Amino acid sequence: MNKKKALIVLVMAILMILIIIISLVFSNGKKNDPTQILNTYFSYLQNEEYEKMYELIDDSIKTEYTQEVFISRNKNIYNGMEAKNIKVDNIEVVEEKDKIAKLTYNMSMDTIAGNLSFKGEITLKENADKKYKIKWSSKMIYPGLDDTEKIKVSTTTPKRGSIYDRNNVLLAGEGTVSSVGLVPGKMNKDAEADIKKIAELLGTSSDRIQSSLKASYVKSDTFVPIANVSKENSSLKGELLQIPGIKITDAKSRVYPYGEQMAHLIGYVQNISAEELEANQGKGYTETSVIGKTGLEKIYEDRLRGKDGIEIYITDSQGNKNETIAKIDVQNGEKIKLTIDAGIQKYVYEEFKNDKSATVVINPKTGEVIALCSTPSYDTNEFLLGMTNSKWKSLQDNENRPLYNRYQAKYVPGSSFKPIIGAIGISTGKIKADEDFGTSGLKWQKDTTWGPYNVTTLKEYPGPANLENALIYSDNIYFAKLALKIGGSTLANEFSKIGFNKQIDFVQSMTASTFGTNSTFGSEIEIADTGYGQGKVLTNPVHMASMYTAFVNNGNMLIPYIEYKENAKSEIYVENAFSKEAAKTIKEDLIQVIENPNGTANSAKIEGIKLAGKTGTAEIKDKQDDETGTNLGWFCTFTADENSSKQFLIVSMVEDVKDRGGSKYLLPKVKRILQKSLNS
């Protein structure tokens, strides 16, 4: 080999040696960089790879902490705090000498009690293999935590908010019930018969009582609660107290002072179901939580429930609290005040409690809902005190459907809808109020194309067949003719304008009012029938009340609302639903429906009070000559004196009034409600 080739080989060998040395240096530095080791540790923590974390700690620590103990401590603490989004940054070496490296870092995480951030310090030590290992201690979890201490989480359950009426009368809130229980040491030795009797009286099972008595905490002098009963149920408590071992004490519970009177509006709470717990993950509910099931209790659940108070803290080996590291204060549920007047709600319920009915009472000048009642009803307190299976079945099987909320449904309005048709006729310029349609007797059809079908009315009357008389005498034929004059296309447009086929903006969901088939009229007969509230028109009572507010507010429909506001002001739902002229004319005519001796609502007249109103008897039958159908009775009335300090608009509907006088069945009832309300 010549000298030149030998030199080249030598240079290449030297270069290879240098590359190997540099590679070894950098490779060893990367593997043994304390910053990198710590970064790797925290990346494992973020992924909950506790076994890999354990591999990075110093052997001297492993003599104190087995892998099982290490994993258990870390996992229990981080999971207990519900630690998420763990972030570590600003890792810095503050000192490195004699095989010891001291580092600092910033850590933050989201916990069940909010964000937790702190600055940590840790020491790493080179082992025999010249690799840095972490001198782990509990302070890596939190700087103030010693190895002998624990991190605990406590939850403070918020107090559920209460619901009040406009006068601050409690409608739903904390109250006192009677807790019925047994003291084993005071029971008869052979108590089987006693337990069976207790089960029958409380509507529970003997097995359930026996199971409660066998609980591990029970001793001879322990009070074992079985059921809650109303404090007012003296007769039941009297019977129970005759049984040896029975003890009755006061207990706090949510109560509904107005029970049946407010059931469909207020609703009730019960223990949360597995499905509800799953659907509300992350909101602080547990298997023992209660949750709003129906009515405003469900609708306002988030506001009424409040927010849990949560504290994460350190305790010493004796369980004493040393330091709070994160905390969210408990937020009790809101106090919710309604526009409802409990007294007026009671008047409504008492009048209609034995009927299948729906009643809406609002202030037509503001839209405030004063009463909202569906009957028959049920006692919401029974759902809290313990509904027996037999009681629940009887409610479900009751043919009168007490669980059904009637004011949320829609119904054939009958003649109570005539003022709406009249207002549309004037507003669209299709008629003049004084226009005489001419007499037509007690039955009428447009022409022979209608075949055997006729529009019928109950009474002929003197004078012109104009709008005022047609309302006073409730002339079906006049309004059938009026609907045809308006025309199906215009009617459909006007109905859509005033809120048909859409949910009215109200806290409780209402079934939308509808008309025709898919909002179109199939024939002239259908248009004619719609004119007097028959055919295929269906209205929701709350929507009906909103439509009637237009007669008080120059043609503007108001939004009914139920949450109380100081200095209540109206909010317009449909501006210019009807023209001012139409609203004024209809209002004056509806005054005559009550004031005129011939008016269909004359018997509802109250001396000294100016009222306006319209009755309606809707026929529910398969065909015109069907005599087996039933009737719905309606009465819509309102205060017609704009200067009155008490403004009421009442819409009432009662089912099955065919053999009870039709809509006249409602008149004395609504009259009494008004009299009591005006005098209260």
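The values are calculated or read from the model by the stated rules, or taken from the named source; none is laboratory data. Computed from a prediction, not measured in an experiment: that's the story for all the values here. Here the Cβ is made from the backbone with ideal geometry for all residues, glycine too, and neighbour counts use every protein chain on show.
Figures for the structure shown
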read-out: Condition check for V88: in the same structural domain as Q36 (by TED's automatic domain parsing), under 14 Å from L38 (Cβ atoms), among the aliphatic types (A, V, I, L, M) and loosely packed, with under 14 Cβ neighbours inside 10 Å; value: no
read-out: Inter-residue pairs, beta-carbon under 8 Å, first under 20 Å from S509 (Cβ atoms) and in contact (Cβ under 8 Å) with a residue 24 or more places away in the chain and in segment 279-307, second of a type in the set (D, E) and surrounded by 13 or more Cβ atoms within 10 Å (Cβ to Cβ), 6+ apart; value: G292/E301; Y300/E334; R303/E334; L304/E297; L304/E334
read-out: N320 vs. criteria polar (S, T, N, Q) and touching a Pro at 6+ places or on another chain (Cβ under 9 Å); value: no
read-out: Residue count, segment 131-154 (criterion: β-branched (V, I, T) and surrounded by fewer than 19 Cβ atoms within 10 Å (Cβ to Cβ)); value: 2
read-out: Number of the exception - S211 against (1) assigned to a helix (DSSP H, G or I); (2) loosely packed, with under 13 Cβ neighbours inside 10 Å; (3) more than 39 Å from the chain's Cα centre (by Cα); (4) not aliphatic (A, V, I, L, M); value: (3)
read-out: Residue in segment 186-200 that is under 30 Å from V348 (Cα atoms), among the basic types (K, R), surrounded by 12 or more Cβ atoms within 10 Å (Cβ to Cβ) and modelled with pLDDT of 90 or more present; value: no
read-out: Any strands (runs of 3 or more DSSP E) falling wholly within segment 319-425 and containing at least 3 residues that are surrounded by 20 or more Cβ atoms within 10 Å (Cβ to Cβ); value: 357-362, 369-375
read-out: Members of segment 659-680 found to be charged (D, E, K, R) and surrounded by fewer than 18 Cβ atoms within 10 Å (Cβ to Cβ), listed by number; value: D659, R660, K664, R672, K676
read-out: Search result, residues across segment 216-234 that are among the β-branched types (V, I, T) and either closer than 18 Å to M387 by Cβ or surrounded by fewer than 18 Cβ atoms within 10 Å (Cβ to Cβ) (or both); value: V218, T222, I226, V229
read-out: Top-ranked residue of segment 271-306 - restricted to ones that are part of a strand (DSSP E or B) and surrounded by 16 or more Cβ atoms within 10 Å (Cβ to Cβ), ranked as modelled with the lowest pLDDT; value: V290
read-out: Test for T157: is it closer than 26 Å to P225 by Cα, exposed (fewer than 15 other Cβ atoms within 10 Å of the Cβ) and in contact with a strand residue (DSSP E or B) (Cβ under 9 Å, 6 or more places away or on another chain); value: no
read-out: Hits in segment 542-591 (condition: among the acidic types (D, E) and either in contact with a Gly (Cβ under 7 Å, 6 or more places away or on another chain) or under 26 Å from I336 (Cα atoms) (or both)); value: E563, E566, E571
read-out: Answer residue from segment 497-525, given it is assigned to a helix (DSSP H, G or I) and in contact with a Phe, Trp or Tyr (Cβ under 9 Å, 6 or more places away or on another chain) and is surrounded by the fewest Cβ atoms within 10 Å (Cβ to Cβ) among those; value: E524
read-out: Hits in segment 643-655 (condition: part of a loop (DSSP other than H, G, I, E, B) and modelled with pLDDT of 95 or more); value: Q647, F648
read-out: Residue check, T530 more than 25 Å from G613 (Cα to Cα), out of contact with any Pro (no Cβ under 9 Å at 6 or more places or on another chain) and hydroxyl-bearing (S, T, Y); value: no
read-out: Residue match in segment 406-413 (condition: more than 21 Å from the chain's Cα centre (by Cα), farther than 28 Å from H543 by Cβ and of a type in the set (S, T, Y)); value: no
read-out: Contacts under 9 angstrom Cβ, first residue in segment 232-256 being outside any strand (DSSP E or B), partner polar (S, T, N, Q) and loosely packed, with under 15 Cβ neighbours inside 10 Å, 6 or more apart; value: I243/N188; P244/N188; G245/N188
read-out: Single residue of segment 589-622 satisfying the filter (part of a helix (DSSP H, G or I) and touching a residue at least 60 places away in the same chain (Cβ under 8 Å)) that is surrounded by the most Cβ atoms within 10 Å (Cβ to Cβ); value: L590
read-out: Residues of segment 641-658 classified as free of Cβ contacts under 8 Å to residues at least 40 places away in the same chain and either more than 18 Å from T600 (Cα to Cα) or exposed (fewer than 15 other Cβ atoms within 10 Å of the Cβ) (or both), total; value: 5
read-out: Residue tally, condition exposed (fewer than 15 other Cβ atoms within 10 Å of the Cβ) and among the aliphatic types (A, V, I, L, M), over segment 252-269; value: 0
read-out: Entirely in segment 65-162, the strands (runs of 3 or more DSSP E) that have 3 or more residues that are modelled with pLDDT under 95 and under 44 Å from the mean Cα position of the chain (by Cα); value: 150-156
read-out: Residue check for E96: in contact with a Pro (Cβ under 8 Å, 6 or more places away or on another chain), more than 18 Å from I325 (Cα to Cα), assigned by TED's automatic domain parsing to the domain that holds Q46 and acidic (D, E); value: yes
